[in-house]
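Nothing in this text is a laboratory measurement; each read-out follows from the coordinates by a stated rule. This is a predicted model, so every value here is computed, not measured. Reconstructed Cβ throughout: ideal geometry from the backbone, glycine too, with neighbour counts over all protein chains shown.
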Amino acid sequence: MSLAYAGADLKIGDDVSLSLGIGLRASFTSLEKGAPNGNSHSDNFALENMQIYTSAQYGKYLKATFNTERPPGPATTGAGGIRVMDAIAQLEPYEAFNVWVGRMLPPSDRANLAGSFYTVPWSFPGIVSNYPMIAFGRDDGATFWGKPMGGKVVYAVGAYNGHNRAAGLSNTGNSLLYAGRIAINFLGPEPPPAYYTASSYGGSKDIFTVALAGQFQSNGVGTAAAPANLKIWNADVLFEKKLAGGYVPALEGAYYHYDTGGKADCGSGEPGAGVCPVADNVGGQVQGKAYLAGAAFLFPTVVGWGQFQPFIRYQKYNRDLSQTTNKGADFGVNYLIKGLNARISAVYSKFDDSQRPPGATSMNQFVVGVQLKY
């Protein structure tokens, strides 16, 4: 999520204010067969996210957001530095209609609009969520969004630079990508700002939200010689309710449909896919269908600083062109100190990808992570 729930606010003048926030995620991961020799476990500490959030407001309706991220990985791959995550000029005159221009999250699935910080399992569901992006789920463009009916309806639509804008790839004509999402909240409205989401609110609200999202881009996938339209849509649902005694169950599900017109996108690993050029927002799109199901249960008892929240999650992606399947299952527990803003997570995951070489299709992983967001 690009806007922090909390931060330090500085009043500069009668109608000018500035806020600052930070987010940090660090982890230790033990991955089966993850070492360079292909046989041994890899044991690694990682700074997964280091984000700085800034926002400013002039008057009541004119705002701006500038957020940065430190991409994980070694500096030799271009990671380790600071990169722009969000840079948004915001005109927000009404609850039901607002305009954002700049770099931001296009409308997509709940997972992408929540991000790793506000997903109950430690890791982002990258097996199933594969909307195109520059980085961190973002793209450059314009979004129109609103929360009519007191937030019971949340919509967002927009146009963005889109996918495969590079020599030799499908979008040499610079076609825009169009995206939209509508969510209906049958119980209370969800707390996040704008059209953002989360996968749990810790019982602060009773939530039952059903949403439909989609993206379309002419010549958005393939090569210049063999382009195809890129069409993606998904439906997702979240149910969370505080029960007697303070127990809070949460159930989440999503379905995805990816259509590349039968073309293999560069870097996708599908039959006939080539190597992608060095450019932003290129390659990796895979035709197929994907599914996600998750559940969490928050216990009311405070133990020490926080509460325990065990969870499970299952992901599955059926690839059409290669006729292969990628699956993942997570079993873990969060120790919530200040909701998802301050937590310690322990997760065991099992992955099975039939596209991998024989003998290496299955891997197990154990992660311990610490997350802080101010």
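For this structure, a couple of remarks:
- Cβ-placed point charges (K, R +1; D, E -1), dipole of the chain about Cα centre in debye, nearest 20: 300 debye
- Most mobile of GLY81, GLY262, GLY220 in a GNM of the chain (Cα contacts under 10 Å): GLY81
- Comparing VAL275, LEU113, ILE207 along the charge dipole axis of the chain, the residue lying farthest to the positive side is ILE207, per the Cβ-charge model.
- The structure shown yields log10 I(q)/I(0) by the Debye sum over Cα atoms at q = 0.07, 0.13 Å⁻¹, and of the options (i) -0.31, -1.16; (ii) -0.39, -0.93; (iii) -0.46, -0.97 that calculated value carries the label (i).
- Extension gain for the segment VAL368 to ALA224, taken as residue separation times 0.36 nm less the Cα-Cα distance, is 47.5 nm to one decimal.
- Length gained when the stretch LEU251-SER17 is fully extended (0.36 nm per residue, less Cα-Cα span): 80.4 nm
- Those residues of segment 94-138 whose amide nitrogen sits under 19 Å from the label point placed on VAL153, 7 Å along Cα→Cβ: 94-99, 107-108
- The chain, relative contact order in percent, only Cα pairs under 8 angstrom and at least six apart counted: 14 percent
- Electrostatic bookkeeping for ALA273 treats Lys and Arg as +1 and Asp and Glu as -1; over the other residues with beta carbon under 12 Å from its beta carbon, the sum is 0.
- Rounded, prolate or oblate (a/c below 1.5 giving rounded, otherwise prolate when a/b exceeds b/c) for segment 92-198 by Cα gyration tensor: oblate
- Extension reserve of the ALA64-VAL278 stretch, reckoned as 0.36 nm per residue once the Cα distance is removed: 74.0 nm
- Within segment 201-220, backbone nitrogen closer than 20 Å to the virtual label 7 Å beyond the Cα of ALA235 toward Cβ: 207-216
- Reachable lysines from LYS60, criterion Cα separation under 16 angstrom, eight or more residues apart if same chain: LYS11
- Among residues other than GLU48 with Cβ under 14 Å from its Cβ, the summed charge is +3 (Lys and Arg +1, Asp and Glu -1).
- Most mobile of ALA167, ALA244, ALA56 in a GNM of the chain (Cα contacts under 10 Å): ALA244
- Sparse-neighbour loop sites [chymotrypsin sites (Phe, Trp or Tyr not before Pro); segment 220-251; at most 15 other C-beta within 10 Å; DSSP]: TYR247
- Taking the chain as a Gaussian network of alpha-carbon nodes connected by springs under 10 Å, the highest mean-square fluctuation of the residues GLN215, GLN51, GLN323 belongs to GLN323.
- Which of THR260, THR324 has the fewest Cβ neighbours within 10 Å, and the rest in rising order: THR324, THR260
- Count Lys and Arg as plus one, Asp and Glu as minus one, and take only other residues whose Cβ is under 12 Å from that of ALA342; the net charge is then +4.
- Alpha carbon centroid spacing (whole Å) that separates segment 150-213 from segment 276-294: 17 Å
- Among the trypsin sites (Lys or Arg not before Pro) found in segment 18-107, those both in a DSSP coil and sparsely packed, with 12 or fewer other Cβ atoms within 10 Å of their Cβ, are LYS60.
- Dividing the mean sequence gap of close Cα pairs (under 8 Å, 6+ apart) by how many residues segment 238-374 holds gives a relative contact order of 17 percent.
- Straight-distance crosslink candidates among lysines, where the alpha carbon sits under 22 Å from LYS338 and sequence neighbours closer than 8 are dropped: LYS205, LYS241, LYS242, LYS373
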